[in-house]
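Okay, structure first, notes after.
The values are calculated or read from the model by the stated rules, or taken from the named source; none is laboratory data. No experiment lies behind these values; they were computed from the predicted model shown. For neighbour counting, all protein chains shown are included, and Cβ atoms are generated from backbone atoms with ideal geometry for every residue, glycine included. Accessible surface areas use protein heavy atoms only, side chains included; no ligands, DNA or RNA. Shrake-Rupley method; radii C 1.70, N 1.55, O 1.52, S 1.80 Å.
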Amino acid sequence: MLEGKIFGVISLGCDKNRVDTEKMLAMIKGKGYRLTDDPSQAHILIINTCGFLQSAREEAIETVLEFAEYKQGKLEKIVVTGCLPQKFIGELFEPLLEADVFLGICDYEKLFEALDQSYATSERQNYVGTGKEIFRVDRVQTTEPHFAYLKIADGCYNHCTYCLIPKIRGKYRSYPMEKLVEEAKELGELSELIVVAQDTTRYGEDLYGENRFVELLQKLSALENIEKIRLLYCYPDVITDALIDEIAKNDKIVKYMDIPLQHSENRVLKLMNRKGKREEYLALFARLRERIPGIAIRSTFISGFPTETEEEFEGMLDFIQQAKLINCGFFAYSREPGTGAYRLKGQVHHKTKARRVKALYETQCAISKELLASFVGKKIEVLCDGIDYEKSCFVGRAYFNAPDIDGKVYFRSMDAMQGKRYEVLIDSAEEYDLYGCTEDYLDETESAH
């Protein structure tokens, strides 16, 4: 049934979803099928979805509807996979007639069986929940070739009251350490490996009965194919002295941590079921900065959580000013059915939420601008990600820039290569981005004059 079929895949949502997509691509390729990154040339299009927020669910459905128009051409089947069908298949299957096959987060191995059934019967197939989780090492990388994400666990057991992840992805599940090391080794020469999970810092507690995150980082650091390791999604209550020491002394680990706090005020944190308090967070930042000089810390915050008062919002503004983080993401609270916070009284008006998020961004913008201005006139190491054709220059990232979520460094150079690091003299700064040039460019322009 599937002989000669060409597959295309679209990945929506987070970097953890991207890793799932890359493993699915490797599975398809391993069966001998052709892949295309041009949806108009695909016979079978897989859309790997996010279902975390209402906005993400809307994006997923809009994507299905958009690409359903390709059925007037070569496209024969649309497969919807991932978080959206995993949690919402009951509401999704009947109305989303444009999709032919549905698979959940652990059903990827059922892809070919489901497609065979769809072709044989001309009926839509719901295979959600029919598979089981299988750890795969092989991947088809969809990032730039010099960096990749390593997903070290799935699921979560924090049970924050605003979050659907445990109901979509299940309880926290660490992947076997030896498999992760093998996977990282198979990714080839990498300038940067980015370690991700819903909560990276809890690695190993479920699988080994103790926290093994530091040990995993040590084993990954021993791999010769990896130059640097970046850590995302480090929960504040599990940032141990041992982890801080490892980051401080390990030259391969980028001096950068993404620490999602979600709020700063103790009453709201308790309602969110977040571990930790305002004063503990500030003390953690002080400890990190003392023991890892120059460390870049970013975070995320939710404003407009039910019953959040104007005073608590002002408290968060004050916290942002005290914390002086290199970058932050701010989100308006999204009321999600099935979460504990959905039932809370005191829902905040959407206009109030929008105003508060805007004010938080403006506050952080001023902080980021001031921090970045301190680099003007200095040389910093920049990893070249490629060329920005609109700006007619190279573009890259300093140690305080993670892909997609942070700012960039735009620089002029006589000849920079993707995946290589360069000393860039910074000559100007904006709110989130830096601008500069390499020494060879300066020499060339000076000699020209």
## Note on the structure
For the range 379-386, Karplus-derived ³J(HN,Hα) couplings (6.51, -1.76, 1.60; θ = phi - 60°; whole Hz; x for glycine and proline) come out as 9, 10, 7, 10, 7, 6, 9, x
### Message
Between ASN225 and GLU113, what is the label-point separation in nm under the 7 Å Cα-to-beta-carbon projection?
### Response
3.1
### Message
What's the whole-number percent of alpha carbon pairs in the chain lying beyond 29 angstrom?
### Response
53
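Does the range 157-301 come out rounded, prolate or oblate by the C-alpha gyration tensor, with a ≥ b ≥ c the root eigenvalues, rounded set by a/c under 1.5 and, if not, prolate when a/b is larger than b/c and oblate if not?
Taking the square roots of the gyration eigenvalues as a ≥ b ≥ c, the range 157-301 is oblate.
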### Task
For the range 336-449, would you read off the P(r) tail past 19 Å as a percentage of all alpha carbon pairs?
56
### Message
Quick check: at a probe of 1.4 Å, how many percent of the accessible area of the chain sits on carbon and sulfur atoms?
### Response
49
### Query
Want the number for GLU215 to SER122: 0.36 nm per residue separation, take away the alpha-carbon distance, what's left?
28.4 nm
#### Entry: Spatial separation of Cα centroids for the range 118-149 and the range 366-426, in angstrom
35
### Query
Looking at the range 353-449, how many pairs of lysines come closer than 28 Å at the Cα, when each pair is eight or more places apart or spans two chains?
18
### Those aspartates and glutamates that a straight Cα-Cα span of less than 15 Å connects to LYS171, excepting residues fewer than 8 apart in one chain
GLU133, ASP154, ASP199, GLU205, ASP206
#### Entry: Spacing of the two label points (7 Å from each Cα toward its C-beta) at VAL140 and LEU344, in nm
4.3
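Per residue, what accessible area does the chain have, given a 1.4 Å probe and all protein chains present, in Å²?
I get 45 Å² per residue for the chain.
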#### Entry: Under-5 Å amide H pairs with GLN262, H placed in peptide plane, nonlocal only
THR300, PHE301, ILE302
#### Entry: Spin-label model distance (nm) - GLU310 vs LYS369, 7 Å beyond Cα toward Cβ
2.6
### Message
Please report the antiparallel percentage of DSSP beta bridges with both residues in the chain, rounded to the nearest 5.
### Response
30
### Summary
Per the 1/(1 + (r/R0)^6) rule, R0 = 22 Å and r from the Cβ atoms of TYR157 and GLN54, FRET efficiency to 0.05 is 0.40
### Task
Name the cysteines of the chain that stand alone by the Cβ rule: no other cysteine Cβ under 4.7 angstrom.
CYS14, CYS50, CYS83, CYS106, CYS156, CYS234, CYS328, CYS365, CYS384, CYS393, CYS437
### Task
Could you state the orientation-averaged shadow area of the convex hull built on the Cα atoms of the range 1-93, in nm² to one decimal?
6.1
